[in-house]
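> Let me give you the structure first, and then I'll get to my questions.
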Amino acid sequence: MSSEISSMLSLTPVTVAESEEEFTRHVVNYPPDVWGDHFFNCTLNNETTQAMKKEVEMLKEQVREELLATLVDPLQCPIYINTLELLGVAYHFNNEVEDALQCIYKNHHSWDKEDSLYLTSLRFRLLRQRGIYISCGIC
């Protein structure tokens, strides 16, 4: 396998002059990509772009509604917020996430001491990440 790869690549020595010293650096000429420039030449017409934007807005609204629905369940809310952050889409819902975390913080005295370590640490991390101070003794 290694010999196949090395036979595909051709090493060309290039001499580089740097501060009166010359050294040789090998340059590799990779074979052309099987995909070519297919993805670089992808153009979308205006109708397709508008349809995608409409679908994105619809999905964002659906996620926003689901986030607001999890506010009533203190066990699901931090898990849902964490999922949004892990997916990298939480920035679309900054106001809703801030409101949810404020709600979690206001109700931290009523947290059940029997909650799992995962849920307790998740609440603690989410609050601290957003700059909301909570004592580690309260969790």
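The values are calculated or read from the model by the stated rules, or taken from the named source; none is laboratory data. Just so we're clear, the structure is a prediction, and the values are computed from it rather than from any experiment. Please note: Cβ atoms are built from the backbone with ideal geometry, for glycine as well, and neighbour counts cover all protein chains shown. Each accessible area value is taken on the protein alone, full model and side chains, heavy atoms only, with ligands, DNA and RNA left out. Shrake-Rupley method; radii C 1.70, N 1.55, O 1.52, S 1.80 Å.
> Give me the net charge for the shell around Lys106: Cβ to Cβ below 13 angstrom, other residues only, Lys and Arg +1, Asp and Glu -1.
Taking every other residue near Lys106 into account, the sum is -1.
> Determine the order of Thr83, Thr70 by accessible area, beginning with the largest, at a probe radius of 1.4 Å. Intermediate results must be reported in sequence, preceding the final value.
Working: Thr83 65, Thr70 20 Å².
Reading off the accessible areas and sorting them downward yields Thr83, Thr70.
> A follow-up question, please. Under a plain spin-label model, where a point goes 7 Å from the Cα along Cα-to-Cβ, how far apart in nm are Leu59 and Glu47?
Roughly 2.2 nm, to one decimal.
> Subtracting the Cα-Cα distance from 0.36 nm times the residue separation, let me have the gained length for Thr24 to Tyr91 in nm, one decimal.
19.3 nm
> Residues with beta-carbon under 11 Å from that of Leu67, excluding Leu67: net charge, scoring Lys, Arg +1 and Asp, Glu -1?
So the environment of Leu67 carries a net charge of -3.
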